[in-house]
Amino acid sequence: MKKISVPILIFLFALSVLSFTSEKAEPIVASQTTATPINWLSWENAMALYKTEKKKFLVNIYTDHCGWCQHMDRTTYNQEHLAKYINANYYAIKLNAEQRESIEFNDKVYKYVKSGDVGYHELAASITMGGLGTPALVFIDEKLEVIQPMLGYKDPDNFEVIITYFGENQYLATPWDVYQANYQPMSRPKLISDD
């Protein structure tokens, strides 16, 4: 009985481990269609649009292996009212923190830097002021100056307060804690499940 039960236990253990292994997610790139209604742009396309109309930039910094980045794509960025606000007030850019292609910004060329088995993109490091965690958000103003980098996952409600704070220039005159305490959420379409 012991000879039979040991191989069975090993098989069951291996099966249970494999059942919790997730499939590798497809990388999100600016040219790829995603489930989110945000008009994600490449860095180059956003800069071309900027030449015709000055707007702020919202830069979503991610990596292909970042689970919280994928979760934010499915939850926060997938909210229709937030997507409409972002599309109206920002150029939304997805920037892979590990991308290999060089990017020109503010008359400087930023490149991929190999670091051990992986690496990072100099532009991601620069606009996050060295905070290379993902997900990260970076807000850039109409003069192409970084307003604020933010690290970590943002749920839809907190994200809404953040994007309106910068999108409506409240950051220029109102302290964050005052704005956050007095914030009135955007009106949203009523869902059938809200009844």
So, of the residues in segment 37-71 that are among the basic types (Lys, Arg) and touching a residue at least 24 places away in the same chain (Cβ under 8 Å), which turns out to be farthest from Gln148 (Cα to Cα)? Lys54
Could you list, in sequence order, the residues of segment 32-84 that are within 10 Å of the chain's Cα centre (by Cα), among the β-branched types (Val, Ile, Thr) and within 20 Å of Pro156 (Cβ to Cβ)? Val59, Ile61, Thr76
Show the residue pairs that are 6+ apart or on different chains and have beta-carbon atoms under 8 Å apart, the first residue being within segment 166-180 and closer than 15 Å to Asn89 by Cβ, the second being basic (Lys, Arg) and surrounded by 17 or more Cβ atoms within 10 Å (Cβ to Cβ). Phe166/Lys56; Gly167/Lys56
Within segment 78-117, how many residues are in contact with a helix residue (DSSP H, G or I) (Cβ under 7 Å, 6 or more places away or on another chain) and over 21 Å from Leu144 (Cβ atoms)? 4
Scan segment 40-49 for residues that are touching a Leu at 6+ places or on another chain (Cβ under 8 Å), in a helix (DSSP H, G or I) and buried (at least 16 other Cβ atoms within 10 Å of the Cβ) and report the count. 1
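Each reported figure results from applying straightforward, stated rules to the coordinates on display, with no laboratory input. Source: prediction; values computed, not measured. Glycine also receives a Cβ, built like all others from the backbone with ideal geometry; neighbour counts cover every protein chain displayed.
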